[in-house]
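K.L.:
To start, I am sharing the structure in question, which I have written as structure tokens.
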Amino acid sequence: MRADIPSDRFYRQRRFGPSQFYNLRQAQRRSGLICRLSPTDPDPVARIIDPENLLKVFDLLAATGGSGAGPDGITYSDVNRTEIASALREASRLIRIGQYRPPPEREIRLAKRSGGYRVLKLGTIVHRIICKAAQLAIEGPLDAVLLPCVHGFRPKRSVLTLLADLERIAVTEDRWVIATDDIADAFPSIPIMLAVSSLARVISSQPLVGLLELLIRGHDGQSHETGLAQGCPLSPLAMNISLNFVLDSPYVGHSTNPPYWRYADNICVLAKTVAEGQEALLCARRLLQRCGPQLKGTDGPPVDLRVPGSSAKLLGLQIQRGTGELNLTVALETWDDLNTKLAEAYEYENPTRKAWEAVHGWVDARGLAFDGVENATKRIRRMLADVGIQECPSDVELGDWLRTSRDRWNSVRQAAGLRT
């Protein structure tokens with residue numbers, strides 16, 4: 001089973017009924033047959049846009065919750081397989097003859113805790129199916145190019161794998177100065193030609209690169225010069241491969257630079273001195289400025305964890321130096337992020353389901369930082385109730401999720417050679 005498909009137990013716990021559970025299992029079985037490309041595929045575009053392949057992707061997206069309605073107001077539950085199959089055959093035909101044009105998108109403005117808005121762009125379900133099919137097809141070849149220091153939007157990598165590697169380097173190399181920063185407006189600041197040229201460095205098929213460019217540019221076509229649409233399945237891959245060539249590889253290529261990690265738009269450096277950490281962030285800033293994106297510079301100076309009482313923030317966690325390990329707690333603003341995700345659930349077709357998935361994802365990434373579960377479970381249930389989600393997980397269910405996350409963290413640490 002793919003890691004990005006929820007488990008049977010996950011959906012049994014959600015009590016969404018036998019029909020939804022049956023559809024999920026059907027989609028899981030079919031997902032193993034969805035096109036995944038290899039470097040030797042003679043006609044990758046034909047494999048991706050094959051109507052049968054697109055129909056399997058529809059099954060997957062419809063069963064796993066998908067996004068809300070597109071600009072036409074249609075959701076996955078509004079169409080049956082016969083109707084969507086006809087629409088997908090027509091879209092496939094238009095792509096083959098070079099006449100497909102991505103439709104307009106529906107914009108959703110979501111308030112950011114730091115101020116301003118994050119804009120999600122949702123295309124029609126047909127367009128999203130095509131983008132998802134392309135993403136699933138190319139993620140293998142692209143993932144093989146990304147460096148081990150990149151942990152976001154990748155199969156078998158997560159916040160946990162980054163933190164375990166960070167702790168391993170801190171302990172074994174005696175590096176306790178953490179320097180962090182974020183890429184400002186990461187998705188909106190990526191030039192389209194940077195994304196396309198980066199994809200072309202990995203993908204040899206020009207027709208496939210042409211299709212990817214068509215999908216990434218969207219409805220505005222050649223006039224869309226900057227910004228990857230948040231909400232498009234291809235955007236995380238396009239950002240990762242773009243930053244691989246302009247930031248990750250050049251930074252790591254400097255042998256004198258201290259160890260570096262990136263999770264989506266968050267970067268982290270482990271240095272031996274504050275000065276070394278500052279120089280490392282300056283190097284990253286210079287590399288990014290060559291192509292457009294910039295670092296925010298709002299995280300403050302590097303933090304020396306050897307100083308008593310000092311702590312650093314990374315990926316929603318507060319990090320302190322322990323006895324031969326890192327001590328992790330949940331940062332206060334991370335609770336605000338969860339509350340935002342719960343409020344955003346109402347933008348989706350099934351708010352209860354989306355809220356539960358948001359809680360599960362949040363707990364899965366941060367359960368490692370909870371020593372006890374009682375206070376955490378009560379707080380999460382209260383937050384769900386506050387946003388109007390009436391069917392809340394029980395204390396037992398939430399406790400299971402937290403303990404499972406903690407156990408998985410211990411497994412990841414053990415795999416990294418750390419003591420548990």
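The values are calculated or read from the model by the stated rules, or taken from the named source; none is laboratory data. All values derive from a computational prediction rather than experimental measurement. So basically every Cβ, Gly included, is an ideal-geometry build from the backbone, and we count neighbours across all protein chains shown. In case anyone asks, the SASA skips ligands and DNA or RNA and just uses the protein heavy atoms, side chains included. Shrake-Rupley method; radii C 1.70, N 1.55, O 1.52, S 1.80 Å.
K.L.:
With respect to residue 111, is the statement that it is open to solvent by less than 30 Å² (accessible area, probe 1.4 Å), modelled with pLDDT under 90 and over 21 Å from residue 239 (Cα atoms) true?
P.N.:
On the way: open to solvent by less than 30 Å² (accessible area, probe 1.4 Å): no; modelled with pLDDT under 90: yes; over 21 Å from residue 239 (Cα atoms): yes.
In short, no.
K.L.:
Same structure again: Of the numbered conditions (1) within 16 Å of residue 245 (Cβ to Cβ); (2) touching an Asp or Glu at 6+ places or on another chain (Cβ under 8 Å), residue 142 fails exactly one; give the number of that condition.
P.N.:
(2)
Conditions tested, residue by residue: (1) of a type in the set (A, V, I, L, M, F, W, C); (2) open to solvent by 30 Å² or more (accessible area, probe 1.4 Å); (3) in a loop (DSSP other than H, G, I, E, B).
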site	(1), (2), (3)
204	no, yes, yes
214	yes, yes, no
233	no, yes, yes
240	no, no, no
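K.L.:
Select from segment 242-287 the residues that are open to solvent by less than 10 Å² (accessible area, probe 1.4 Å), under 21 Å from residue 173 (Cβ atoms) and in a helix (DSSP H, G or I) and list them in ascending order.
P.N.:
Result: 248, 251, 277, 280, 284.
K.L.:
Let me ask something additional. Could you list, in sequence order, the residues of segment 384-420 that are open to solvent by less than 70 Å² (accessible area, probe 1.4 Å), charged (D, E, K, R) and under 18 Å from residue 329 (Cβ atoms)?
P.N.:
413
K.L.:
Check residue 120 against each of (1) touching a residue at least 24 places away in the same chain (Cβ under 8 Å); (2) open to solvent by 60 Å² or more (accessible area, probe 1.4 Å); (3) not acidic (Asp, Glu) and name the one condition it does not meet.
P.N.:
Unmet condition: (2).
K.L.:
Additional query: Where the second residue is in a helix (DSSP H, G or I) and not small (Gly, Ala, Ser) and the first is farther than 14 Å from residue 380 by Cβ and lies in segment 394-409, which pairs have Cβ atoms under 6 Å and are six or more apart or on separate chains?
P.N.:
406/368; 409/160; 409/368
K.L.:
Going by the structure shown, is residue 222 at pLDDT 95 or above, over 21 Å from the mean Cα position of the chain (by Cα) and under 25 Å from residue 202 (Cβ atoms)?
P.N.:
So residue 222 passes the test.
K.L.:
Search segment 47-72 for residues being farther than 15 Å from residue 33 by Cα and at pLDDT 90 or above, and hand back the single one that is least open to solvent (accessible area, probe 1.4 Å).
P.N.:
Initially, segment 47-72 is screened for residues farther than 15 Å from residue 33 by Cα, giving 62-72.
From what is left, the residues that are at pLDDT 90 or above are 71-72.
Values: 71: 63, 72: 80 Å².
Checking each candidate, the answer is 71.
K.L.:
If we scan segment 175-182, do we find a residue that is more than 30 Å from residue 306 (Cα to Cα), acidic (Asp, Glu), open to solvent by 10 Å² or more (accessible area, probe 1.4 Å) and not in a loop (DSSP other than H, G, I, E, B)?
P.N.:
Residues of segment 175-182 more than 30 Å from residue 306 (Cα to Cα): none.
No, segment 175-182 has no match at all.
K.L.:
Additional query: Here are 247, 243, 234: which of them is farther than 29 Å from residue 319 by Cα and of a type in the set (A, V, I, L, M)? Talk me through it step by step, then tell me what you get.
P.N.:
Details: 247 fails: farther than 29 Å from residue 319 by Cα; 243 fails: farther than 29 Å from residue 319 by Cα.
After ruling out the rest, the residue left standing is 234.
K.L.:
Quickly run through segment 216-231 and pick out the residues that are part of a helix (DSSP H, G or I) and open to solvent by less than 30 Å² (accessible area, probe 1.4 Å).
P.N.:
Step one: of segment 216-231, the residues part of a helix (DSSP H, G or I) are 216-223.
Across segment 216-231, the qualifying residues are 216, 217, 218, 221.
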